[in-house]
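The values are calculated or read from the model by the stated rules, or taken from the named source; none is laboratory data. Bear in mind the structure is a predicted one, so any value in this text is a computation, not a measurement. In this analysis, Cβ positions are derived from the backbone assuming ideal geometry, glycine residues included, and neighbour counts consider all displayed protein chains. SASA here: full protein model, heavy atoms, side chains in, ligands and nucleic acids out. Shrake-Rupley method; radii C 1.70, N 1.55, O 1.52, S 1.80 Å.
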Protein chains: 2
Amino acid sequence: MTGEHSSKQYDMDLETIRSKVLMMGGLVESHFHDAMSCFRTGNAEQAEAVIQSDLEVNRLEVSLDDMCSHLIVKRQPAANDLRTVMATGKVITDLERIGDESTKIARIAKESQNGRRVNSMFNGHETVRVLASSVADMLHQSLDAFARLDDAKAVQLIAQDAIIDNDFRSIMRNLITFMMEDPSTISYALNALWVAKAIERIGDHAKNIAEHTIYIVEGKDIRHSDYVAVKQDQKN
Amino acid sequence: MTGEHSSKQYDMDLETIRSKVLMMGGLVESHFHDAMSCFRTGNAEQAEAVIQSDLEVNRLEVSLDDMCSHLIVKRQPAANDLRTVMATGKVITDLERIGDESTKIARIAKESQNGRRVNSMFNGHETVRVLASSVADMLHQSLDAFARLDDAKAVQLIAQDAIIDNDFRSIMRNLITFMMEDPSTISYALNALWVAKAIERIGDHAKNIAEHTIYIVEGKDIRHSDYVAVKQDQKN
């Protein structure tokens with residue numbers, strides 16, 4: 001996958017890990033989706049189910065980290081193979097964090113009962129709906145890029161995160177206006193604000209997954225670099 | 001350090017990495033301290049300096065990750081040695097995230113110019129001062145526990161994080177009251193709320209460092225487990 005290999009067995013072990021990671025990815029995607037629908041409907045039972053289902057994600061993190069360590073000890077991979085294992089380990093961490101953020105959304109949904117309630121002017125879920133669907137799309141694409149080792153797509157995704165951050169800031173301004181115009185909406189607006197923050201962080205983790213994918217494919221650690229800006233310029 | 005070793009050279013390489021990680025730890029500690037004093041004084045120049053100094057932390061993360069990979073490839077460590085390297089890699093990630101949170105605090109300090117301003121009733125910095133000092137202390141102790149591989153201390157620190165989370169929630173209730181009583185304080189109170197959130201997250205990362213330390217010393221991955229609760233019961 002990333003150059004010549006020390007052993008065929010290594011490939012098989014790595015593929016087992018990669019497919020488990022993608023399964024974990026599918027799981028956190030659906031938890032995020034469920035958490036958002038709880039925030040819309042205010043269904044406390046469903047919210048509790050999302051919170052409980054995060055335990056499975058946590059178990060996956062621990063067992064996958066363990067599988068990565070065993071792979072390294074057993075197969076003693078060469079530098080370029082080790083790179084893939086290390087980056088896969090980082091993807092696992094990001095997926096677990098995404099699970100945590102979905103759990104936060106579910107907790108808020110459970111406490112606030114309903115993102116919609118309050119008054120005809122204010123709809124907590126509505127303020128974050130568009131952001132949530134762009135981030136859900138970004139997360140799906142980042143897992144796709146990781147699955148196919150598509151570094152070109154990964155570069156696009158990293159650039160996309162800046163748009164997400166802008167959307168988050170405008171939601172915040174929007175909510176501040178609501179709070180000032182009608183202080184009775186403050187605690188509801190704050191719930192929406194925490195949900196928006198959690199969604200924005202899920203976008204950050206999706207971006208990290210894209211960065212790890214580029215590291216696997218190109219062997220470049222592009223974190224904190226202007227790599228993406230440069231790539232974008234090359235396109236224009 | 002964690003059992004018999006494959007090579008003396010391995011010990012020396014690992015010690016080089018560990019001392020660099022502790023240096024990185026000292027750096028993020030001082031950035032957190034400086035960011036908080038910016039939020040108190042509203043000194044925009046100092047805030048900008050904190051934001052710039054995070055670049056050094058980012059460079060350290062990339063180069064230390066690289067050193068860990070090289071160590072594994074060059075020394076092909078046995079399972080228990082590899083455990084130390086992997087956990088050290090996770091400590092590096094947590095330190096970089098702490099740097100990010102301090103940068104957020106500095107950005108807010110820069111934008112809001114002064115955490116104190118507004119009115120005689122509301123003092124943004126004052127609302128988070130105690131939380132900030134408990135978290136600064138927790139961070140320092142977690143780096144200490146990592147440096148000395150003190151798993152007993154690490155257990156105490158993990159238990160401590162629950163107190164931090166409670167303090168954060170009471171600050172939030174406190175700020176909501178302020179906003180409701182005087183809507184003109186809303187945007188200032190939100191700045192204080194974001195700062196409180198960043199501080200609370202630094203506490204989470206300090207807790208992670210304590211968990212990684214226990215993993216290095218005892219070889220147990222206690223994340224998402226009731227390990228600490230059990231240890232605490234044993235003490236009583």
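Considering helices alone, the calculated mean residue ellipticity of the protein assembly as shown at 222 nm is -30000 deg cm²/dmol, with DSSP H runs of length four and up weighted by -39500 (n - 2.57) and normalised per residue. Out of every Cα pair in segment A:1-230, what percent are spaced more than 30 Å from each other? So the portion of pairs separated by more than 30 Å is 31 percent.
Simple point charges give the picture: +1 on the Cβ of Lys and Arg, -1 on the Cβ of Asp and Glu, and for the protein assembly as shown a dipole about the Cα centre of about 320 debye. Have a look at segment A:150-187 and report residues whose accessible surface goes down by 50 Å² or more when the remaining protein chains are included, against the chain on its own, probe 1.4 Å, ligands and DNA/RNA excluded. Relative to the lone chain, where solvent access is computed with a 1.4 Å probe, segment A:150-187 loses at least 50 Å² at A:M180, A:I186. Between A and B, buried accessible area from a 1.4 angstrom probe totals roughly 3200 Å², ignoring ligands, DNA and RNA. For the residues A:K74, A:K104, A:K90, a GNM of chain A with alpha-carbon springs under 10 Å puts the largest fluctuation on A:K74. Taking a straight line from the alpha carbon of B:K8, these aspartates and glutamates sit under 14 Å away, with near neighbours fewer than eight places off in the same chain left out: B:D81. Rounded to two decimals, the Cα-based Rg/Rh of segment B:102-236, with Kirkwood Rh, is 1.08.
Can you pull the Kirkwood radius for the protein assembly as shown, inverse mean 1/r over Cα pairs, to one decimal in Å? It is 23.2 Å.
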